[in-house]
Amino acid sequence: MGVYWAVLFVVTHLPQINHDSVPQWELIPFDKTMHFLTFGGLAGWLCWNRFLPQRGAWANAALALVVGVIYGVVEEITQPWFGRVCDAGDLMADLLGLLVGSIVSALLWKRIWPDTPRPGGTTDVS
């Protein structure tokens with residue numbers, strides 16, 4: 001997970017690239033799609049990794065969402081330091097990716113481990 005996060009940080013802080021080399025999609029811009037997918041992946045890594053305490057599917061999804069949102073905001077705020085632009089559209093795509101990634105991860109968790117033990121001996125019924 002550390003490698004994924006490091007690569008995500010480096011790629012999102014590289015100096016602006018020539019927009020002519022980026023694919024131009026009609027419906028959803030390529031850049032926003034990449035933000036959505038990479039932050040959805042980050043949410044999945046956070047939910048399934050031992051980085052977060054294992055408290056159950058929905059608790060981990062919520063915690064992954066909070067950690068991801070904090071990272072996404074910090075990332076957008078620090079981009080101007082590297083010659084990039086702080087873009088509200090990028091942040092929105094990040095947040096949507098985090099939300100969808102967290103929900104999908106929690107649903108997969110519940111499907112694979114429906115009765116995951118929680119601290120205190122109870123089962124995860126969230």
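The values are calculated or read from the model by the stated rules, or taken from the named source; none is laboratory data. Just so it is clear, the model here is predicted, and its values are computed rather than measured. Cβ sites come from the backbone with ideal geometry, for glycine too, and all protein chains shown count toward neighbours.
Within the stretch 30-51, can you find the residues that are under 18 Å from residue 112 (Cα atoms) and not in a helix (DSSP H, G or I)? Quick ask: steps written out before the conclusion?
The first filter runs over the stretch 30-51 and keeps only residues under 18 Å from residue 112 (Cα atoms), leaving 43-50.
Within the stretch 30-51, 49, 50 meet the criteria.
Listed here are the residues, each with its yes/no results for (1) β-branched (Val, Ile, Thr); (2) surrounded by 15 or more Cβ atoms within 10 Å (Cβ to Cβ); (3) free of Cβ contacts under 8 Å to residues at least 40 places away in the same chain.
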{"residue": "59", "(1), (2), (3)": "no, yes, no"}
{"residue": "66", "(1), (2), (3)": "yes, no, yes"}
{"residue": "70", "(1), (2), (3)": "yes, no, yes"}
{"residue": "76", "(1), (2), (3)": "no, yes, yes"}
{"residue": "80", "(1), (2), (3)": "no, no, yes"}
{"residue": "83", "(1), (2), (3)": "no, no, no"}
{"residue": "93", "(1), (2), (3)": "no, yes, no"}
{"residue": "96", "(1), (2), (3)": "no, yes, no"}
{"residue": "101", "(1), (2), (3)": "no, yes, no"}
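Which of the residues spanning the stretch 26-72 are out of contact with any Lys or Arg (no Cβ under 9 Å at 6 or more places or on another chain) and modelled with pLDDT under 70?
Hits for the stretch 26-72 are 26, 27, 50, 51, 52, 53.
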